[in-house]
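Trainee: My questions will all concern the structure given below.
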2 protein chains.
Amino acid sequence: MRPLRADARDNRARILIAAEDVFGQAPNASTEEVAKLAEVGIATVFRHFPTKVELLEAVLTVRLERLRDRAIELAGHDDAGSAFFGFFTQVVSESASKLAIAEALSASGSAAGEAAKEAGAGMRAAFGVLLDRAQQAGAVRRDAGFAEVYALLVGASRGATAAGLEPAVRDRMLELVYDGLRS
Amino acid sequence: MRPLRADARDNRARILIAAEDVFGQAPNASTEEVAKLAEVGIATVFRHFPTKVELLEAVLTVRLERLRDRAIELAGHDDAGSAFFGFFTQVVSESASKLAIAEALSASGSAAGEAAKEAGAGMRAAFGVLLDRAQQAGAVRRDAGFAEVYALLVGASRGATAAGLEPAVRDRMLELVYDGLRS
């Protein structure tokens, strides 16, 4: 890929921020709405993202990369228990808009592309590090394996989204999950 | 609705059993495949269920009614803890095919109809009775409210389905959930 000039880079970033906002709330929204919110012409959107699928993929990738970076950052914190449970809560809280984007992608007949898959794998790996550290610190029970803890993360995210839970109920649900995970 | 003659009733039941099997595995399957498995003509299927949406709704309703009836039956058991956790496990185990049918319905642009909604509400109410009894028996913590426990049930079901979990991982995930729920 040829490097973008500074103003083109700015446009791309603005389009992505607008798209995350628009599609996170209404997966069936049009690319025109994204262009409007980003304050660029529709032609500029199509220059950077020739199809809606490419735009959706880029948005999903950005979100997964951000979560991965947050997990990596938290892995450096002293309190490994708070780092693990804090990240778990963040993933579940943000899941509604992330799932909306993933579903829009799947509704458009496309699976997540390579970049999104790579970011997702990076996020999972970083979550594994957080779990390891929390188990070594005695904050999470040692007999809980990665596969079942990750399934709980996916389940809590989907449960919170599917039921359209109020934040207070979601937090009480998470407390039940966390009590099952504590040593 | 006019009462059905005995042979028409048999055909309807056979079509429903076949449809549950076919759509539970492949939500995009055709009505022809249902007719074939039920060993009836396609015209017979359309006589009972003029559209695929009506057939999907009838299948979803049958499944929800069966779960509701199972919960009501379990509410009479002596061991209220086993009844609650056993029902929770059954719902999660059966969720893959039930969700497939619900998604086929939503993909065909239709929300669940009145009959399915009523059966779903009956299932939720019966689950509430199981939770109450388990809490009174001291098998489930008393500070867990219905809303968050039901959100956990939905989440565990969706988590097990979305991740295509192996049964062993699903069972270990459920053990973590149950440890959080126990008194």
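The values are calculated or read from the model by the stated rules, or taken from the named source; none is laboratory data. Note that this is a predicted model, so its numbers are computed, not measured. Neighbour counts run over all protein chains shown; Cβ positions are idealised from the backbone, glycine included. Protein only, heavy atoms only, side chains kept; ligands, DNA and RNA dropped before computing areas. Shrake-Rupley method; radii C 1.70, N 1.55, O 1.52, S 1.80 Å.
Trainee: Using the crude model of +1 on Lys and Arg Cβ and -1 on Asp and Glu Cβ, and no other charge, please compute the dipole size for the protein assembly as shown relative to its Cα centre, in debye to 20. Walk me through the intermediate numbers first.
Mentor: Working: 44 positive and 50 negative charges, 70 e Å.
Computed charge dipole of the protein assembly as shown: roughly 340 debye.
Trainee: Let me have the relative contact order for chain A, percent, based on Cα pairs under 8 Å that are six or more residues apart. Write out the running numbers ahead of the final one.
Mentor: Working: 171 pairs, mean separation 44.4, N = 183.
Once divided by the residue count of chain A, the mean separation gives 24 percent.
Trainee: Right, something else. Under a 1.4 Å probe, what is the accessible area of segment A:98-152 per residue, stated in Å²?
Mentor: Value returned for segment A:98-152: 45 Å² of accessible area per residue.
Trainee: If you don't mind, there's one more thing I want to ask. When a/c reaches 1.5 or more, the comparison of a/b and b/c decides; with that in mind, is the protein assembly as shown rounded, prolate or oblate per its Cα gyration tensor?
Mentor: On the way: a/c = 2.44, a/b = 1.21, b/c = 2.01.
Note, shape of the protein assembly as shown comes out oblate.
Trainee: Let me ask something additional. Roughly how large is the B-A contact in terms of buried accessible area, totalled over both chains, probe 1.4 Å, nearest 100 Å²? If you can, show how the numbers build up before the last one.
Mentor: On the way: alone 9940 and 9950 Å², together 18130 Å².
Chains B and A together bury approximately 1800 Å².
Trainee: Of the heavy-atom accessible surface of segment B:1-138 (probe 1.4 angstrom), what whole percent is carbon and sulfur?
Mentor: Values: 3750 of 7220 Å².
Roughly 52 percent of what the probe reaches on segment B:1-138 is carbon or sulfur.
Trainee: I want to check the label-to-label distance for A:Ala125 and A:Arg182. Put each point 7 Å from Cα in the C-beta direction and report it in nm to one decimal.
Mentor: So the two model labels end up 3.3 nm from each other.
Trainee: If the only charges are +1 at each Lys and Arg Cβ and -1 at each Asp and Glu Cβ, what is the size of the charge dipole of segment B:52-181 around the Cα centre, to the nearest 20 debye?
Mentor: Details: 14 positive and 18 negative charges, 32 e Å.
Its charge dipole is roughly 160 debye.
Trainee: Using helices alone, I'd like the mean residue ellipticity at 222 nm for chain B: each DSSP H run of four-plus residues gives -39500 (n - 2.57), total over residue count, nearest 500.
Mentor: Numbers: 8 runs with 141 residues, N = 183.
It lands at -26000 deg cm²/dmol.
Trainee: Test of the criteria: in segment B:1-56, which trypsin sites (Lys or Arg not before Pro) are in a DSSP loop and have at most 12 other Cβ atoms within 10 angstrom of their Cβ? Don't skip to the answer; put the middle values down first.
Mentor: Numbers: sites: B:Arg5, B:Arg9, B:Arg12, B:Arg14, B:Lys36, B:Arg47, B:Lys52; in loops: B:Arg5.
In loop regions of segment B:1-56 (DSSP not H, G, I, E or B), the sparsely surrounded trypsin sites (Lys or Arg not before Pro) are B:Arg5.
Trainee: Could you point to the residue in A:Val177, B:Val92, A:Ala13 farthest towards the positive end of the protein assembly as shown's charge dipole, with +1 and -1 charges on the Cβ of Lys/Arg and Asp/Glu respectively?
Mentor: Highest projection toward the positive end goes to A:Ala13.
Trainee: Follow-up question, since we're still on this one. If amide hydrogens are placed 1.01 Å from N in the peptide plane, which non-local residues have theirs closer than 5 Å to the one on B:Arg182?
Mentor: B:Arg141
Trainee: Then there's this: Which residues of segment A:119-160 show a drop of at least 20 Å² in accessible area when all protein chains are present, compared with their chain alone (probe radius 1.4 Å, heavy atoms only, ligands and nucleic acids excluded)?
Mentor: Hits at the 20 Å² cut-off: A:Arg141, A:Ala147, A:Glu148, A:Ala151, A:Leu152, A:Val154, A:Gly155, A:Arg158, A:Gly159.
Trainee: Write down the accessible area per residue of segment A:1-50 in Å², having rolled a 1.4 Å probe over the full set of protein chains. Mind showing how you got there, number by number?
Mentor: Values: 3400 Å² over 50 residues.
Ligands and nucleic acids excluded, the figure is 68 Å² per residue.
Trainee: Also, quick follow-up: If you count only protein heavy atoms and use a 1.4 Å probe, how large is the accessible surface of B:Tyr178, to the nearest 10 Å²?
Mentor: 10
Trainee: Placing +1 at every Lys and Arg Cβ and -1 at every Asp and Glu Cβ, with all other atoms neutral, what dipole size does segment B:1-50 have around its Cα centre, in debye to the nearest 20?
Mentor: Details: 7 positive and 7 negative charges, 68 e Å.
Roughly 320 debye for segment B:1-50.
Trainee: Okay, moving on. Apply 1/(1 + (r/R0)^6) to the Cβ-Cβ distance of B:Gln90 and A:Ala13, taking R0 = 45 Å, and write down the FRET efficiency to the nearest 0.05. Mind showing how you got there, number by number?
Mentor: On the way: r = 49 Å, r/R0 = 1.09.
Efficiency, from the Cβ-Cβ distance: 0.40.
Trainee: Continuing with this model, one more query. Might you work out the accessible area of A:Asp21 for me, using a 1.4 Å probe with all protein chains in place, and round it to the nearest 10 Å²?
Mentor: For A:Asp21, solvent-accessible area is about 80 Å².
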